1. Find which of F99, L70, G26 sits farthest along the positive direction of the dipole of the chain, computed with +1 on the beta-carbon of Lys and Arg, -1 on that of Asp and Glu, about the Cα centre.
2. What distance in nm separates the simple spin-label points at W46 and A69, each placed 7 Å from Cα in the Cβ direction?
3. Please report, as a whole percent, how much of the solvent-accessible surface of the chain comes from carbon and sulfur atoms (probe radius 1.4 Å).
4. Using the Karplus curve 6.51 cos²θ - 1.76 cosθ + 1.60 with θ = phi - 60°, what ³J(HN,Hα) values do you get for each residue of segment 87-95, in whole Hz, with x for Gly and Pro?
5. Using the Cα atoms as the points, what is the convex hull volume per residue of segment 1-47 in Å³?
6. How big is the equivalent ellipsoid of the chain along its three axes, where each semi-axis is √(5λ) from the Cα gyration tensor, reported in whole Å from largest to smallest?
7. Per residue of the chain, what 222 nm ellipticity follows from adding -39500 (n - 2.57) for every DSSP H run with n ≥ 4, rounded to the nearest 500?
8. Among DSSP bridges having both ends in the chain, what percentage is antiparallel? Round to the nearest 5.
Amino acid sequence: MDMLTDPAVRAFVAAVNAGDREAFRGVLTEDATMSDDGSERDLAQWTDREIFDAGGHMDIESESEDGRALIVRFRNDTWGEMRTSWRFEVADNGRVSRFETGQV
């Protein structure tokens, strides 16, 4: 994880892996959005259900697009482990304004 190029993406992954909701919220813009498998989701509900309440964890396989696109082995207590892609948009203030995830 320390090898991730983009600081906002690195902070995002660190917060997810630490299970730290407060740090996670601090990585995002106030109006951040997200999608899962091409469907828009309520960010707070989705992250609570899929990450924080379910022990979500990201193991990075690779990064591209200047560190804003990742291939990840994501696992949680609900679904087990799956290979996923993550794409990030980062605002001028250095916070994640949008992320899109889905199975590879």
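The values are calculated or read from the model by the stated rules, or taken from the named source; none is laboratory data. If you're wondering where the values come from, they're calculated on a predicted model, not measured in any experiment. Cβ atoms come from the backbone with ideal geometry, glycine included; neighbour counts cover every protein chain shown. Accessible surface is based on the protein model in full, side chains and every heavy atom, while ligands, DNA and RNA are left aside. Shrake-Rupley method; radii C 1.70, N 1.55, O 1.52, S 1.80 Å.
1. L70
2. Those two pseudo-labels are separated by 1.8 nm.
3. That fraction is 42 percent.
4. With the stated coefficients, segment 87-95 comes to 10, 10, 10, 10, 6, 4, 7, x, 10 Hz.
5. Numbers: hull volume 4.3 nm³, N = 47.
So the per-residue Cα hull volume is 92 Å³.
6. Details: eigenvalues 63, 50, 36 Å².
Output for the chain: semi-axes of 18, 16, 13 Å.
7. Working: 3 runs with 24 residues, N = 104.
Here the helix-only value at 222 nm equals -6000 deg cm²/dmol.
8. Details: 25 of 30 bridges.
Here the antiparallel bridges make up roughly 85 percent for the chain.
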